[in-house]
Amino acid sequence: MQRFFYSIIIAVLINTVILPQDSLTIAIQKLDENKQIEKFSALCFEKRSSDPQNALRYGFLALSVINKTGSQKSKGLLFDYIGIIYGNLGRLDSSFYYLQQANAIAKNSGNMEELGYNLNNFGEYYFKNALYSTALEKLIQAYHIFEELKNSRGMAYSLNDMGETYLALNDFKKALDYFEQSAKLRLSISDMTGYARSVINTASALDKMGKLDEAHAMYTKALKICTEISFIRGTSNCYAGLSDLFLEYGNFAKALEYRQKSLEIDVKISNKFGEIVGYIAMGNLYLNLPDLGKAGIYLSLAEEEARNTGLQNQLVNVYKIQRNLQLKKQDYKLAADYDKKYEDLKEKIFGYDAENRVTELQTAFATERKDRENELLKKDIEYQKNTRNYFLLIIFLIFGGAGLFASKYKLQKKTTNLLTELNASKDKFFSIIAHDLKNPVGAIYNYADILESDYDTLTDAERKHFISGVFKSSKQILDMLLDLLTWARSQKGEINLNKTRVNLNSLVAASVDSYSLVAENKNIAVELNIEGTIDVLADKFILQTIIGNLINNALKFSYPGSKVIINCSVNNGMAEISVKDFGIGMEQQVVENLFNVEFKHSSLGTNKEKGTGLGLKICKEFAELHGGSLHVESKIKEGSVFTFSFNME
């Protein structure tokens, strides 16, 4: 604690002795102590973005008066302001220290509003450190506090910062939704500075979604607002966004013009985060022009400042562009050094983030579940009020009301249990996917590491072996992601039926032909039996997906030299396709749980082929989406038969 007071005394001495006293400071110091605290605190907040150095000076002057009087009033808010300012200046350690002090005061005093703003500021601190899971957790806590207090300004702050976090996580749709909610709230309370910030972020999200013209319109709107209200930092952000847009349009001159304007403002107001981002953007612009000399100057500035401030999420961007710069300079050794730095730092930042991605999803699910439960609770309260009113009017409705209440309680309990089960299933599913991704990603890293460090000492055969390993692992990851994306689209209801007249004979034959090389490599004979010509009214994409997965699955688990039999027939108005293999088969427990999303079963094929475990689950969901069914029979070491049937019309 002594160290803390010493830091305040030193800061005040620096600002009062070394920096000249302006007339405003002298005038305020003539007021009574309470007025001095009020005025200096207001100036600290007002100038936090446009003039951070003077804002700090005013903040420490206010603290010196507070310490002199022994009063605790406004102390927590001042610590928060100072923490924010240090964060903008890129001094993250100092920022954390003052935010911690503010947090302790808010908790001790029980001031929930101050605690909400403090948690929101902590969210911004963790965001700048690229600790997105923790940032999101703090912001959600802050939002719940503001929601209980009915504090629209605080809710808007939290929503906007949650949007920025989702934007960093590349969840653009969710980010856009949060920005729009924040903008609506801020406009309703005439918070034009906050509204401008949300509009700028909305433009950024639209840009990331590829909606460049809409983004341009939003940036133009935001720039007009920022100019009208003299929001200097917002003006810089608008220029930066417009620069990025013009770079995407291919207009390098305009991109450079707007980026220079943005950078000049950030340097002037000591917005260190924006300054570093600006240096990186300028380096990238000159790299594209190309002017390699200027690109190197700006990237060196960015690297130095990013190191000094500890903003590693910006340092990783520097390394990436430096690598590209050195490649253009044909300095391959330095390019390799930067590439290694980039990969190492990326692993440090986003490796941690990847491990916590499941946690973030769980947090998001929990939040959504909480919202739904709150909605059910509101309806339940409304129901009880109506029941009491009816009771006063008509006595016999008490029995009906009691029955309805009991029914609603059971329904609510059933709904809650269902939501819990669904969330548990999703959590388990994501943990399985995360675990499955680790192996091929780790394999690629190990192969690449050996190639990078020992390339010159390896034989041609060894190099081919490692490159083949990289290729196979990459393909495994690609297959897994494609399956995951298809499954996710089906879960969200984004896959709609588009039935057309399809000749089943041609479609199945084409699917068999596409796997002919796989069958040939394993010396597996594929026997196709189709009873006559079969025309169906069906979704061609869904049929191709199901049939392709079943054939691939059969070949994967068949023994070399065996065969796969595909039968197509019509039974009672239903088209039926069965795929039979004579491979390794499955135990009964596996058969019973094969289509369960929580059940992990991804065995190696007879030639050590790896799979995602998602293919059959997708087939089952697609079959049901098509109004059909998928059935499996299997015995160990005898093989399996998958039968897909669906209505022909």
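Just a few scattered comments:
- For segment 588-628, taking the residues that are within 26 Å of Asn647 (Cβ to Cβ) and assigned to a loop (DSSP other than H, G, I, E, B), the one that is modelled with the lowest pLDDT is identified as Val597.
- Hits in segment 152-199 (condition: of a type in the set (A, V, I, L, M) and under 19 Å from the mean Cα position of the chain (by Cα)): Leu159, Met162, Leu167, Ala168, Leu169, Ala175, Leu176
- Identification of helices (runs of 4 or more DSSP H) wholly contained in segment 1-58 with 3 or more residues that are surrounded by 14 or more Cβ atoms within 10 Å (Cβ to Cβ) and at pLDDT 50 or above yields 33-46.
- Checklist (1) surrounded by 15 or more Cβ atoms within 10 Å (Cβ to Cβ); (2) out of contact with any Ser or Thr (no Cβ under 7 Å at 6 or more places or on another chain); (3) in contact (Cβ under 8 Å) with a residue 60 or more places away in the chain applied to Asn607, failing item: (1)
- With respect to being surrounded by fewer than 17 Cβ atoms within 10 Å (Cβ to Cβ), of a type in the set (Lys, Arg), touching a residue at least 12 places away in the same chain (Cβ under 8 Å) and assigned by TED's automatic domain parsing to the domain that holds Gly627, Lys540 fits the description.
- Verdict on Ala183 being at positive phi and not aromatic (Phe, Trp, Tyr): no
- Any chance Glu114 is assigned to a helix (DSSP H, G or I), free of Cβ contacts under 8 Å to residues at least 40 places away in the same chain, surrounded by fewer than 19 Cβ atoms within 10 Å (Cβ to Cβ) and not β-branched (Val, Ile, Thr): no
- Within segment 182-217, the set of residues being assigned to a helix (DSSP H, G or I), surrounded by fewer than 24 Cβ atoms within 10 Å (Cβ to Cβ) and charged (D, E, K, R) comprises Lys184, Asp207, Lys208, Asp213, Glu214.
- All positions within segment 533-558 that are in a helix (DSSP H, G or I) and among the hydrophobic types (A, V, I, L, M, F, W, C): Phe541, Ile542, Leu543, Ile546, Ile547, Leu550, Ile551, Ala554, Leu555, Phe557
- Restricting segment 306-338 to residues that are among the hydroxyl-bearing types (Ser, Thr, Tyr) and under 22 Å from Ile450 (Cβ atoms), the residue that is surrounded by the fewest Cβ atoms within 10 Å (Cβ to Cβ) is Tyr332.
- Pairing each residue of segment 273-301 that is closer than 18 Å to Ser262 by Cβ with any residue that is of a type in the set (Asp, Glu), provided the two are 6+ apart or on different chains, yields C-beta distances under 6 Å for Gly274/Asp266; Glu275/Asp266; Ile276/Glu305; Gly278/Asp266.
The values are calculated or read from the model by the stated rules, or taken from the named source; none is laboratory data. Everything quoted here is computed from the prediction, not taken from an experiment. Note: ideal-geometry Cβ built from the backbone for every residue, glycine included; neighbour counts use all protein chains shown.
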